[in-house]
1. Between LYS21 and ALA156, what FRET efficiency comes out of the Förster formula 1/(1 + (r/R0)^6) with R0 = 35 Å and r the beta carbon distance, rounded to 0.05?
2. In a Gaussian network model over the chain where Cα atoms closer than 10 Å are linked, find which of VAL75, VAL128, VAL101 has the largest mean-square fluctuation.
3. Where is the GNM fluctuation largest for the chain (alpha-carbon springs, 10 angstrom cutoff): ASP30, ASP124, ASP73?
4. Where does the chain land at 222 nm, in deg cm²/dmol rounded to the nearest 500, when only DSSP H runs of n ≥ 4 count, each adding -39500 (n - 2.57), divided by all residues?
5. Do you know the relative contact order of the chain, to the nearest whole percent, from alpha carbon pairs under 8 angstrom that are 6+ apart?
6. Build a GNM of the chain with springs between Cα atoms under 10 Å: which of MET48, MET98, MET31 gets the top mean-square fluctuation?
7. Could you sort out which of LYS120/LYS149; LYS62/LYS149; LYS45/LYS149; LYS45/LYS161; LYS21/LYS107 sit more than 25 Å apart by Cα distance in this structure?
8. Bin width 5 Å, alpha-carbon pairs only: give the P(r) of segment 1-155 as whole percents, running from 0 to the bin holding the largest distance.
Amino acid sequence: MAVALKKELTKTSSIYIQPIKHNDWLYIKDMIPEIHQESRYRTSKLSMLKVFDLFNTTMNDKDHFCFLAWRDDKVIGLISGYCAEHYFTEDIYAYESMFYVRPEYRKGRTALLLLRTFEKWAKDNNCVEISVGISTEIDTEKTASFYEKLKYKRSAIGLRKEILVGVGLQ
């Protein structure tokens with residue numbers, strides 16, 4: 001389903017975007033605790049093994065992607081996800097599953113460059129729609145505004161309820 005990626009897709013000033021390569025785990029793994037700490041799962045124990053398995057899936061499954069933002073020789077952000085047919089149709093949809101920019105680079109163009117690269121990947125893979133989400137509960141409205149300026153529309157409401165192990169449901 002997914003098409004092959006060029007080695008380097010976007011390059012601007014000193015920030016450039018590239019698809020992940022096998023040796024990039026060495027750079028990504030240092031960011032994982034930061035990403036986890038800002039995620040909605042920050043109160044759960046981080047499993048680097050599970051994240052490494054996801055990295056391998058992304059490397060080996062043509063329907064998954066991960067792009068890294070680099071500045072000099074440092075990874076400063078990433079976006080990852082996948083494309084799949086929806087269960088109601090044969091149309092292909094693109095889904096973002098992780099989007100992170102290190103805090104010191106959030107006021108620049110890094111997020112925009114990563115998102116635009118994802119959009120190009122989705123178009124190249126004949127996707128009819130892109131779905132992104134905000135689950136960090138950090139600057140939610142500011143992040144939503146970023147997407148809306150790029151013509152993304154709010155389309156769903158996500159709710160969650162914590163289940164305490166050993167305690168009855170209420």
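No lab work stands behind these numbers, since they all come straight from the coordinates. Quick caveat, the model's predicted, so the values are computed rather than measured. Note that we place each Cβ from the backbone using ideal geometry, even for glycine, and neighbour counts take in every protein chain shown.
1. Here the calculated transfer efficiency is 0.55.
2. Sorting by GNM fluctuation, first place goes to VAL128.
3. Result: ASP73 has the largest fluctuation of those listed.
4. Theoretical 222 nm ellipticity from helices: -8500 deg cm²/dmol.
5. Dividing the mean separation by the residue count of the chain yields 20 percent.
6. Judging by the Gaussian network model, the answer is MET48.
7. Beyond 25 Å between Cα atoms: LYS62/LYS149; LYS45/LYS149; LYS21/LYS107.
8. P(r) over segment 1-155, rounded to whole percents: 2, 8, 18, 22, 22, 17, 9, 2, 0.
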